[in-house]
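The values are calculated or read from the model by the stated rules, or taken from the named source; none is laboratory data. Since we're looking at a predicted model, the values are computed, not measured. Every residue, glycine as well, gets a Cβ built from its backbone with ideal geometry; the counts of neighbours run over all protein chains shown. Note: areas computed on protein heavy atoms with side chains; ligands, DNA, RNA excluded. Shrake-Rupley method; radii C 1.70, N 1.55, O 1.52, S 1.80 Å.
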Amino acid sequence: MPSTKEAPSARQQELLERAYAYSLTHGLADLSLRPLATAIGSSPRVLLFLFDSKDGLIRALLARARADELELLQRIQDQHEVPPGLEVVARELWTWMSAPERRPLMTFWVEAYGRSLVAPEGPWADFARSTVDDWLELLKATQPDPDAVARRTGVLAMLRGALIDLLATGDLKRTTAALEDYLAD
């Protein structure tokens, strides 16, 4: 018989949102429950009770970040009655990803993606792979040739590479020009 997990309580959801906001500015790599709990108006004991463990909290934070990502992908799909083409969607994604107000979220995403690669058995498990699958599925829906996986993969790689470069340098003009050059081919 499959088990079903209860929906989070209002308190758990509230603390998750506060912890998510905290992690966007402080990252996850050195997350410590005591400073986090103090910053969000809770205690380590309450966090452990609500999320079962520190790993459980990290998994919940990653799921929360992924929910933001999936919401973006759905919004882009919903904007168009007819698929607008891979290059149009790539530009829309880049505009959203590169906006200054999204830098904390994108930094969080890069950190979680990297941790998923180096700690695949921990709470980060499958985060990177899931995001690749999500983004490739969106790009597939926008491309007239559903079998052109190499082009979709190239666009995805370019978006992620440009994002990492942007986060490292802050050079929006250069990274946008590089993306435009790639998409023009």
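The table below gives the values:
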{"read-out": "Answer from Ala177, Ala119, Ala184 - the residue that is farther than 18 Å from Leu70 by Cα and modelled with pLDDT of 95 or more", "value": "Ala177"}
{"read-out": "Qualifying residue in the stretch 53-74 (condition: open to solvent by 80 Å² or more (accessible area, probe 1.4 Å) and either over 23 Å from Arg129 (Cα atoms) or at pLDDT 95 or above (or both))", "value": "no"}
{"read-out": "Residue in the stretch 124-131 that is under 21 Å from Tyr182 (Cβ atoms) and in a helix (DSSP H, G or I) present", "value": "yes"}
{"read-out": "Cβ-Cβ under 7 Å pairs, at least 6 apart or on other chains, the stretch 108-124 side over 18 Å from Phe51 (Cβ atoms) and touching a residue at least 60 places away in the same chain (Cβ under 8 Å), far side among the aliphatic types (A, V, I, L, M) and loosely packed, with under 15 Cβ neighbours inside 10 Å", "value": "Glu111/Ala29"}
{"read-out": "In the stretch 117-137, residue least open to solvent (accessible area, probe 1.4 Å) [restricted to those that are under 23 Å from Ala90 (Cβ atoms) and not hydrophobic (A, V, I, L, M, F, W, C)]", "value": "Thr131"}
{"read-out": "Inter-residue pairs, beta-carbon under 8 Å, first of a type in the set (Gly, Ala, Ser) and in the stretch 73-93, second surrounded by 14 or more Cβ atoms within 10 Å (Cβ to Cβ) and in a helix (DSSP H, G or I), 6+ apart", "value": "Gly85/Thr142; Ala90/Leu139; Ala90/Val155; Ala90/Met158; Ala90/Leu159; Ala90/Leu179; Ala90/Leu183"}
{"read-out": "Breaking point among (1) surrounded by 15 or more Cβ atoms within 10 Å (Cβ to Cβ); (2) over 22 Å from Arg59 (Cα atoms); (3) at pLDDT 85 or above, for Gly161", "value": "(1)"}
{"read-out": "Any hit, the stretch 166-184, residues being surrounded by 12 or more Cβ atoms within 10 Å (Cβ to Cβ), charged (D, E, K, R) and outside any helix (DSSP H, G or I)", "value": "yes"}
{"read-out": "Asp145 of a type in the set (Asp, Glu), modelled with pLDDT of 90 or more and farther than 22 Å from Arg18 by Cα", "value": "no"}
